[in-house]
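Heads up: the structure comes next, in structure tokens.
The values are calculated or read from the model by the stated rules, or taken from the named source; none is laboratory data. Because the structure is a prediction, the values reported are computed rather than measured. Cβ placement follows ideal geometry from the backbone for every residue including glycine, while neighbour counts extend to all protein chains displayed. Ligands, DNA and RNA are stripped out before the accessible areas are found, and what is left, the full protein with its side chains, is counted by its heavy atoms. Shrake-Rupley method; radii C 1.70, N 1.55, O 1.52, S 1.80 Å.
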Amino acid sequence: MVTIREWMNNKTILITGGAGFFGKVLTEKLLRTCPGVKRIYLIIRPKRGKTPQERWNEIAKDALFETVLADKPDILYQKVTVLDGDMSLINLGLGQEIIEELKNTVNIIFHSAATVRFNDPLHIAFLSNTRGTLEMCKLASETKNLEVFVHVSTAYCNHNLMKTCFEEKIYEPCQDWRTILKLIETENPVVMNTISYKIIQDHPNTYTFSKSLSEKIVEEYSCKFPTVIARPPVVVGIFKSPNPGWTDNLNGVFGLTTACCKGVMRVLKGKEECCLDYIPVDYAINALISSGWEKASGENKELSIYNCSYSNFLPVFSLEALYELGSEMNKKECTLDDDIWYPFLFFATNDIYFHFLFYIFQVIPAVFLDSILCLINKKRRLIKLNIKIYQAVQALTAFTTKNVVFDNEKYQALWNKLSQDEDEIFPLRPPSDFNWKEIILILHKGVKKYFLKENLEDEEYHRKKLMRLYYLHQFSKGIIISATFMLSYKLINASIYRYIL
């Protein structure tokens, strides 16, 4: 087999979701490590009044691209072509001339575009994730020189099934995608969204539902072109290169730890012992590239599915351990700025108990602080923030209350197909000294530096502020406990007095 870099020589690549987390990291990786790539097409949609090209020009200034631009300042404009498209539209929102150009030139397709919000209305999630995949498969089936189609799914797309271990195979979805497509295209979206809970059945949200239907579409089209489905679990920031810790979002587990360390999240609906499987985004991107290379260069042209997970190989931390580790790092090694309270976290699985805790520790403090902000003519923001926290916690409940594992036998076999040189450039195998604590510290610092845009040098000042919040927290606890004790004492005395009388 040729090496990955040899395979990439003179190839034209199409990447959907070019402005997304995966799209950006994948584009940077290809430009930095595969100099022989001929051209990369990025499908990007307009957003917030900005054209796709304007969005890309802003993205190109990100710290993610510093390394590749230091060596080749003009490479983003020489090899990258931005296409104005939208995955939720017919023909991907592309003009016929562009479509014909893609059919005649593209060799490799990475379909990573998706709306990943768990609370999206059904019609939005379906049109973007499911019908968008259908439109991509139609395009791929007519692409003359296509060598491989790599579809990015999620390891949690079958979370509706009563299983604790998921294999590297297609599971039958709970609905037929053709039926849902007909309903979405003909019925009123308001009506569809109203009955969406009946349509998605046991799926925790519209995201996993739409991704499970997407996999079925890809399976049906896989007889027409070489196809790979890559299923990463929760994707976190960069572990190794180019910028350790880099991230552009707070999705997944580090959104939880960051919110806790900032003191804005104090109640989580979930089990302390529950574990989420996660993968650094640079390893996930290496999995996409390597699996595409293996499918295009090998003899097996049947559909390949890879669960890109590591939990059965390297056990991950439970939610409680992850919170405690993140909190400890926040105290001693990398303190976040602008925290509003000392971190603490309650876990609750009972719905009534969760809402009671949320009202006491989230809603009441938010109303109190927003009232103070209103009195001093400052912008109120805590109530809105807590509404978002509540929605996020509810959306994550299915994943924070159920432990699952992913069989990754085929994925581990892929590791052994890389040469030693390729394994250093596109690593899949965890290093022998792999340490989740080290990764979590790197990612914690990355969130602070790259996403929150906070200075890593002012640690001492923020550490002292955190200690002041600690003493205030302990003082407040003392007052609450004393008040509760006194009230209980008075109630008991009053009850005894009435009983005696």
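What to note about this one:
- Residues of segment 146-184 that turn out to be in a loop (DSSP other than H, G, I, E, B) and farther than 21 Å from SER112 by Cβ, as a count: 12
- Scanning segment 91-102 for residues being within 26 Å of the chain's Cα centre (by Cα) and open to solvent by 20 Å² or more (accessible area, probe 1.4 Å) gives a total of 1.
- No other residue among THR133, THR105, THR143, THR115 is farther than 25 Å from ILE305 by Cβ and either open to solvent by 10 Å² or more (accessible area, probe 1.4 Å) or hydroxyl-bearing (Ser, Thr, Tyr) (or both) apart from THR105.
- Subset of segment 1-24 [open to solvent by less than 40 Å² (accessible area, probe 1.4 Å) and of a type in the set (S, T, N, Q)]: THR12, THR16
- Members of segment 27-40 found to be outside any loop (DSSP other than H, G, I, E, B) and open to solvent by 10 Å² or more (accessible area, probe 1.4 Å), listed by number: LYS29, ARG32, THR33, ARG39
- Answer from LYS216, LYS224, LYS301, LYS271 - the residue that is open to solvent by 20 Å² or more (accessible area, probe 1.4 Å), assigned to a loop (DSSP other than H, G, I, E, B) and closer than 23 Å to TYR411 by Cβ: LYS301
- Residue in segment 443-453 that is within 29 Å of VAL235 (Cα to Cα), of a type in the set (D, E, K, R) and surrounded by fewer than 13 Cβ atoms within 10 Å (Cβ to Cβ) present: yes
- Evaluation of LEU375 against (1) at pLDDT 90 or above; (2) surrounded by fewer than 15 Cβ atoms within 10 Å (Cβ to Cβ) (one fails), failing number: (1)
- Qualifying positions in segment 227-249 - buried (at least 20 other Cβ atoms within 10 Å of the Cβ), modelled with pLDDT under 95 and in a strand (DSSP E or B): VAL235, VAL236
- Hey, TYR310 without any contact (Cβ under 8 Å) to a residue 60 or more places away in the chain and either within 14 Å of ARG429 (Cβ to Cβ) or open to solvent by less than 20 Å² (accessible area, probe 1.4 Å) (or both) or not: no
- Taking segment 359-419 as the region of interest, the helices (runs of 4 or more DSSP H) fully inside it that hold 1 or more residues being hydrophobic (A, V, I, L, M, F, W, C) and within 16 Å of VAL264 (Cβ to Cβ) are 364-375, 382-400.
- Total residues in segment 462-501 satisfying the condition of being aromatic (Phe, Trp, Tyr) and either modelled with pLDDT of 80 or more or open to solvent by less than 90 Å² (accessible area, probe 1.4 Å) (or both): the figure is 4.
- The residues on offer are PHE451, PHE434, and the sole one that is closer than 30 Å to SER291 by Cα, modelled with pLDDT of 90 or more, among the aromatic types (Phe, Trp, Tyr) and under 27 Å from the mean Cα position of the chain (by Cα) is PHE451.
- Within segment 66-83, considering residues that are open to solvent by 80 Å² or more (accessible area, probe 1.4 Å) and charged (D, E, K, R), the one nearest to LYS24 (Cα to Cα): GLU66
- Residue under evaluation VAL25, criteria (1) closer than 29 Å to THR130 by Cα; (2) at pLDDT below 95, criterion not met: (2)
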